[in-house]
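For reference, the structure is listed below as structure tokens.
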Amino acid sequence: MKFQNKQQTRQSGFSLTELLIALVIVGILVAMALPKFTSVINKTKTTEAKLMLDQVYMLEEAYRDEHDFYTKTLSEIGYRQDKLVTEGGKARYKVEVIEVSDTSFIGQATAVVDIYKNGKTDVWTINQRKELIQH
């Protein structure tokens, strides 16, 4: 009678405890990184307002160069407001010229959504000196 050595095959893998520990570590890392990413996302959203107001500034200056005064009408300077997110579009800010005289203007971008999730409306303005201010 001959004895055969049967090789036992052992399947390798992770235990439930090891998987749970890995998930907890990943969860902690995500929780630490999330505030940083939220800040970056909010900056990206406010960049939209800055770019829109910069465009209004350039168009107002070009209009003043041609007509010797500023105008309150966005369509008159050639600015076209993108469709707002509240209307099914992508723009988060409504742009308007709120104050105008022959020698000055104030353009304003008002958020139509709560950008910072704090219950406050995000508002930016720009004037004829290209001073961009967050209110």
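The values are calculated or read from the model by the stated rules, or taken from the named source; none is laboratory data. Predicted model, so just to flag it, every value in this text is computed and none were measured. So basically every Cβ, Gly included, is an ideal-geometry build from the backbone, and we count neighbours across all protein chains shown.
Okay, here's what the table says:
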| item | result |
| --- | --- |
| Counted residues, the range 101-112 - those being under 22 Å from Thr38 (Cα atoms), of a type in the set (Ser, Thr, Tyr) and outside any strand (DSSP E or B) | 0 |
| Criterion violated by Asp54 - all others in (1) part of a helix (DSSP H, G or I); (2) acidic (Asp, Glu); (3) modelled with pLDDT under 95 satisfied | (3) |
| Verdict on Lys90 being without any contact (Cβ under 8 Å) to a residue 12 or more places away in the chain, under 17 Å from the mean Cα position of the chain (by Cα) and within 20 Å of Leu132 (Cβ to Cβ) | no |
| In the range 71-81, residue surrounded by the most Cβ atoms within 10 Å (Cβ to Cβ) [restricted to those that are without any contact (Cβ under 8 Å) to a residue 24 or more places away in the chain and charged (D, E, K, R)] | Glu76 |
| Residues of the range 113-135 satisfying the condition of being farther than 17 Å from Arg64 by Cα, in contact (Cβ under 8 Å) with a residue 24 or more places away in the chain and assigned to a loop (DSSP other than H, G, I, E, B) | Val113, Ile115, Tyr116, Asp122 |
| Hey, Thr110 free of Cβ contacts under 8 Å to residues at least 40 places away in the same chain and crowded, with 17+ Cβ neighbours inside 10 Å or not | yes |
| Residue, surrounded by the fewest Cβ atoms within 10 Å (Cβ to Cβ), within the range 51-70, restricted to residues that are of a type in the set (A, V, I, L, M) and within 26 Å of Lys120 (Cα to Cα) | Leu51 |
| Qualifying residue in the range 65-77 (condition: part of a helix (DSSP H, G or I), more than 20 Å from Val40 (Cα to Cα) and aromatic (Phe, Trp, Tyr)) | no |
| Unmet requirement for Ile98, which otherwise passes all of (1) surrounded by fewer than 16 Cβ atoms within 10 Å (Cβ to Cβ); (2) part of a loop (DSSP other than H, G, I, E, B) | (2) |
